[in-house]
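Everything below concerns the one structure shown next.
The values are calculated or read from the model by the stated rules, or taken from the named source; none is laboratory data. Remember, predicted model here, so these are calculated numbers, not experimental data. Don't worry about glycine lacking a Cβ; one is built from the backbone with ideal geometry, like all the others, and counts go over all protein chains shown. Surface areas here come from the heavy atoms of the whole protein model, side chains and all, with no ligands, DNA or RNA. Shrake-Rupley method; radii C 1.70, N 1.55, O 1.52, S 1.80 Å.
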Amino acid sequence: MFEHIVLLKFKPDVSIEVKEIAIKRAHDFKGNIPGIVELSAGINVTEEIEHMQGFTLGIRATFENQQACREYIQHPLHQGLLQSIGPFVEGIVVMDYPFA
């Protein structure tokens, strides 16, 4: 299995609606992009605000393997999400790792 975690920092004036649309589009990946085993996405509600560093949206996708994650990166649905939110994002963190 292979985990793909993405944290997004939106520009300060971005509406909650834009973030909710991004979450919905991310949820559409499951069942439509091969190799995704599990997927979750949501708005950061942590009470540990000193550790947020401005990141307000998280996406976690579990893939069958690293190759499935590589193929997902180029998939039209993923590319469409990136293009639609790109103008609203000012920071991104990605972490990938294999696990048993």
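General remarks:
- All Cα pairs of the chain, percent lying beyond 18 Å: 45 percent
- Summing +1 for each Lys or Arg and -1 for each Asp or Glu among the other residues whose beta-carbon sits under 12 angstrom from that of SER40 gives 0.
- Note that the chain presents 61 Å² accessible area per residue, ligands and nucleic acids not counted, probe 1.4 Å.
- Sparsely packed loop sites in the range 67-100 (the chymotrypsin sites (Phe, Trp or Tyr not before Pro) outside DSSP H, G, I, E and B with at most 15 other Cβ atoms within 10 Å) comprise PHE99.
- Charge tally in the Cβ shell below 10 Å around VAL89, where Lys, Arg are +1 and Asp, Glu are -1, VAL89 excluded: +1
- Share of carbon and sulfur in the accessible heavy-atom surface of the range 2-98 [1.4 Å probe, %]: 55 percent
- Under the convention that each Lys and Arg Cβ holds +1 and each Asp and Glu Cβ holds -1, the size of the dipole of the chain around its Cα centre is about 280 debye.
- Cα centroid separation - the range 78-93 against the range 1-54, whole Å: 11 Å
- With a simple spin-label model that places each label point 7 Å from the Cα along the Cα-to-Cβ direction, the separation between GLU17 and HIS75 comes to 2.8 nm.
- Dividing the summed -39500 (n - 2.57) terms of all DSSP H runs of n ≥ 4 by the residue count of the chain sets its mean residue ellipticity at 222 nm at -9000 deg cm²/dmol.
- Segment ASN44-LEU82, length gained on full extension (0.36 nm per residue, minus Cα span): 11.8 nm
- The solvent-accessible area of VAL94, taken with every protein chain present and a 1.4 Å probe, is close to 80 Å².
- Straight-distance candidates among the aspartates and glutamates for linking to LYS11, with alpha-carbon spacing under 12 Å and chain neighbours fewer than 8 residues away dropped: GLU90.
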